Amino acid sequence: MSRAEPSGGPGRIEDYALLSDLRTAALIGTDGSVDWLCLPRFDAPSCFCRLLGDERDGHWRIAPAGRVESVRRRYRDDSLVLETDFRTATGTLRLIDHLPPRERPGAAEPCLVRIAECLDGTVDLRMRWVIRFAYADAVPWVRRVRDTSPVLDEYLLAVAGPHSAVLRGDVLPRPAADERAHLLDHPMRAGQRLRWVMQWSPDSRNLPGPVDPEGETTASTEFWRDWAQRIDWEGPHRHAVRRSLTVLKGLTYAPTGGIVAAPSCSLPEALPGDRNWDYRYCWLRDATLVLLAMDNFGCSQEAAEWRDWLLRAVAGDPADLQPMYGIGGERHLVEWEADWLPGYQGVRPVRIGNAAYRQLQMDVFGEVLDVLHLARERGLPESEDGWAMQRGMLAHLERIRHRPDRGLWEVRGPEQYFTHSRLMVWVAFDRAVRAAEEDGLPGPVERWRELRDEMRAEILEHGYDQRLGAFTQYYGSSTLDAAALRIPLVGFLPGHDERVLGTIRAVQRDLQHDRVLVDRYSTGEGSSDLDGQTGAEGSFLACSFWMVDALALAGRAEEAERMFGELVELTNDVGLLAEEYDVRCGRFTGNFPQAFSHLALVNSAAVLYGGRTRWERSRR
């Protein structure tokens, strides 16, 4: 079948829900189709890839065969067990989906559990199972196996080179006429349940045994319920905060404690455009937000595991520090293009890997020093080796501090002296001074103090534009960057300083839309070629929450709370956020769900309500 022939493509980004087993994740649409799943871990090649193409690129859909009058879905309590109700003219079908969590060492290989139940009346169920390995580049050989030793076990086995998967169920689908899909039509009546489990295996000669789908569903629900009991938050917007924390847990790779920025890749930030990136990795600049989010709300174990992942990832020569690493601490995230895939809704390229891992981004030094300072304040012990590593980073930063970089937004245009990068260099030396003065750690504190003061003077002279009355994106420019809203958040200036207030006004004037949505900087027609990309991207949701924080710290609590409430209302029907929101067409853009957005939501709640004291204590 050629690409010229039409075939069903993916839904809107906001139509998807997240399933996670703490090692990988699936995205499932309101149409009951699993359109994205990478096995056996977040950054592995996909076996369902409709998200970046169409039905021929892999998906698993279970839904009523006829017209659906309405769809309602929800997670069970604070879990990632998803329930979707399809209402038809003759009855209601409930679909229960989850990936059983594999947090414990030695856990079984991943499996996807799907249960269909007819709640009332009658429903004609239709299943379509199309499995494609290696980002839809490998069409497997699928055969029906009937194993009678030691007990009857019938299943479908899909094999393509090193990739294999097993599908078991109460009723198995049959090959379609073209043998490229497996189909099932089955009438259901009230009270009837059908169950399926798809299991991954690294070796088709040694397949996993059957699992109990009902027992796994009960265990998954209990796992997430037990975990959510640790969340310490009963304040305003309770559901949004708790759901965001659950999403962050779901994006955690249990074997190492690393948190991926998103479980997806190449979902475009602009329609059309070429801002398509792979986010299935761990960014160091998320570190401070992760530790604050987890520790502020009772998830101290996750905070400690993230700190430990960070220390392992950055260990070594400070000159080799990267902005991001693989979930296991891998250093090489080579970027390439899957040119056989048409991309999400036809937007190319489809990028796998992320070349930004090779960029110099000066802000990451400040992010690492900041989060390790916060860890000490939160009671996590500092080791001799850990502090020696930080001193090495500071010595290297002193040597390279005069260099331009690619900045927070990982631009692919020319290097600049980004104001935010310079701000985070100040943070690095400021936290070093505080480590010596407050924690008694050894080091050349007088030199660190000189460097901190030098950076402060430089930023105030070159990063602030008197004519604009605001901090600019980079030295010598007259453009704005929402990252400047973080100036009071890291303690560089108080929130009521006139230079901060002027920056808030400028960002509201030039980068804010629809009262609450904030662009990170100007893109599209008429803007500079700073980032080397095309297309006007959507508003960056994390930046929108940074405006909430800046307003709150400026003493404008009522305005901040109104804005926070409107941003929370942008979450989809199951409480998830993407990276960006396109105000032109009223839809999510960018990778999904986005950890940065959920981190920003949670930390804004800490600034605004209840957790304010704990947040401010970490910034004094």
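Some observations on this one:
- Measuring nothing but how far apart in sequence close Cα pairs (under 8 Å, 6+ apart) lie, relative to its length, segment 230-617 scores a relative contact order of 19 percent.
- Helical mean residue ellipticity (222 nm; -39500 (n - 2.57) per DSSP H run of 4+; nearest 500) of the chain: -9500 deg cm²/dmol
- Distance (nanometres) between label positions extended 7 Å along Cα→Cβ at Glu461 and Ser383: 4.1 nm
- Under the span-like rule (Cα at least 27 Å along the axis, Kyte-Doolittle mean at least -1.0), DSSP H helices of the chain: 419-439
None of the figures in this text is laboratory data; all of them are computed from the coordinates on show. Since the model is a prediction, treat every value here as computed from it, not as a measurement. Every residue, glycine as well, gets a Cβ built from its backbone with ideal geometry; the counts of neighbours run over all protein chains shown.
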